[in-house]
Amino acid sequence: MSMATQVIMPRVGISVESCIITKWHKQTGDSVKVGDALFSYETDKATAEEEAKTDGVILEIYAREGDEVPVLQTVCVIGKPGEESGIRNQESGAREEDAPALPVPPLTPIPSPLIPVPRQPLPEPPTLTPNSSLPTPVSPRAKRLAEKLGIAPHGLRGTGPGGRIIERDVRAASENRIGSGLGGRITVRDQEAGAGNQEGVEIVRLSAVRRAIAKSMMKSLSAMAQLTNHHSFDASAILRYRKALKAEADPALAGITLNDMILCAAARTLKNHRALNAHLLDEHMHYYSGVHLGIAVDTPRGLLVPTLFHADRLSLAELSIAAKQLIQEAQSGAISPDLLTGATFTVTNLGTLGVEQFTPVINPPQTGILGVCAIVDRIRQADGTIMAYPAMGLSLTYDHRAVDGAPAARFITELKENLEDFTNFLARQGE
C-alpha cells in the first residue's frame with residue numbers, strides 16, 4: 001500500500017536550526033512532479049528552494065509564508081488525491097484522527113495585522129492659560145483608569161473643577177480611541193497600521209538576514225570594549241605590482257586585485273600576532289594556529305561574512321581564486337551556512353566606495369577586524385623635496401579586553417611594512 005510522502009524542512013548546514021518559508025510555489029490540491037519547486041526558504045544567511053522528490057498532489061501544508069520552521073520538521077505532504085496524510089502528533093505519536101474528541105469553544109476571529117485599524121481623531125489637548133506652566137491636574141482615580149486603558153491623561157480636556165481631569169474624561173476618551181488590545185489599548189500593530197495609512201510611508205518587516213545582522217551588531221557593541229586605530233600606508237608598491245599582474249597572460253594572475261593582496265598580507269601577518277587571531281569566550285582566550293579569514297561581502301540580502309579557511313597557507317593566486325568564489329557564492333545566496341562561521345579575524349573593504357576612514361564592528365567572538373579604506377593622494381617631504389604619494393587607509397578595531405593598544409599598533413605596523421615592500425614580502429614567503 002502506497003503512503004503519502006512527507007516533505008521536511010531540510011538541514012542546510014550544521015549550524016542552522018530553523019528556516020523561514022518565504023514563498024509557496026504550490027498550494028494544497030496542486031499537482032506536482034519530481035523537480036518542481038515546492039517552496040522557497042531562507043536561513044539567517046542564505047536562500048534556497050525545496051523541490052519535490054516524488055510525483056503526486058499536495059495533500060496538506062503545515063506552515064505558512066513567514067513561518068519559522070525547525071529543520072527536519074514536516075512542512076507539507078505529497079500523495080494521491082484523497083489519500084490520508086498520515087501525519088502523527090509529534091508529542092504523543094498518535095494520529096490526529098485518533099485523538100479523543102473534545103468540546104471546542106467558539107473561536108473569536110483575530111483581526112489581520114494587514115487590516116488597518118480605523119483611526120479616530122484624538123481629543124484636543126488641554127488649553128493652558130498664559131500664566132500656566134504645569135499640566136492640567138489629574139485625579140487619582142482618573143490616573144489609575146488611564147494607566148489601565150493605556151491612555152495619556154495629560155492629553156485630555158478636563159471637565160472637573162478648574163479643568164481637572166476626572167474619571168469620566170478618561171472613559172469618554174476611551175470610547176473614541178479604541179485599539180485592538182485589551183481594554184481598547186493601542187498596540188504596536190495599531191500604530192503600524194495607522195502609519196501605513198500615512199502618505200509616503202512604507203512599512204517593511206526586517207528580513208531574517210537583517211534581523212541577524214542587527215542582533216549580532218548590538219551584541220558586539222554592548223558586550224565588547226571596542227577601540228579603533230586609524231592608520232595609512234604608501235600604496236605605491238601594491239599599485240605597481242597590480243599593474244604588472246594585469247599584463248600577465250595567465251587569467252588567474254591578471255585577476256588578482258588590491259584587496260586580494262591585502263587579504264594575503266593580513267593573513268600572513270596575523271601569524272605573528274596571535275591575540276588578534278583569536279576568540280574570547282567566557283573569559284578564556286582561544287588562540288588559533290591557522291588563520292581563518294572572514295571576508296565581509298555586500299550582498300542583495302545584506303552583509304555576509306564568508307570564511308576563507310587556512311588563508312595563511314594559500315599562495316596569492318590561490319587566495320585570489322578562493323576569495324572570488326566565496327564572494328560569488330555569498331552574493332548569489334547559494335553559500336553553505338557552514339562557510340559563514342568559524343572566522344578568526346575579519347577584513348572589510350569600503351575603500352571601493354570612496355570611504356576614507358570608518359569604524360568597523362567586530363564579529364564576536366573574534367577580537368579584531370580590519371577596515372580597508374580608499375586611496376587618497378597625500379603630501380610628504382623626503383630629502384628636502386615635497387612629493388605626493390598614494391595613501392591607503394587602514395582602520396583596525398580590536399577588543400580592548402583581549403588586546404592592548406600597543407600590540408594592536410605593532411600588528412598594523414608590520415602589516416604596513418609588508419604592503420609597502422610587497423614584492424620582497426612575497427619573496428620572503430617563498431613566492
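General observations
- Considering the range 237-298 at the alpha-carbon level, its Rg and Dmax are found to be 15.8, 51 Å.
- In summary, the lysines within cross-link reach of K416, defined as a Cα separation below 22 angstrom excluding same-chain residues under 8 places away, comprise K243, K271.
- Note, ³J(HN,Hα) from phi for the range 136-145, Karplus 6.51, -1.76, 1.60, rounded to Hz, x at Gly and Pro: 4, x, 10, 5, x, 5, 5, 5, 5, 5
- Legend: Rg and Dmax of the range 274-414, from Cα coordinates, 16.8, 56 Å.
- Relative intensity, log₁₀ I(q)/I(0), of the range 5-92 from a Debye sum that treats every alpha carbon as a point, q = 0.11 Å⁻¹: -0.28
- Using the Cβ-Cβ distance between A37 and A254 with R0 = 41 Å, the FRET efficiency computed as 1/(1 + (r/R0)^6) comes to roughly 0.60.
- Reach of K53 by Cα under 27 Å, taken over lysines that are not fewer than 8 positions away in the same chain: K23, K26, K33, K45, K80
- For peptides 222-232, 393-403, sequence by mean Cβ density within 10 Å, most packed first: 393-403, 222-232
- Relative contact order %, the range 209-428, counting alpha carbon pairs below 8 Å whose residues are six or more apart: 28
- Under 5 Å, built H, 5+ apart or other chain: amide partners of I362: none
- Estimated FRET transfer efficiency when R0 is 30 angstrom, pair A382-R274 (beta carbons, to 0.05): 0.25
FYI, it's all coordinate maths here, none of it is from the lab. The shown structure was predicted, so the numbers you read here are calculated from the model rather than taken from an experiment. Heads up, the Cβs are rebuilt from the backbone with ideal geometry, glycines too, and the neighbour counts pull from every protein chain shown.
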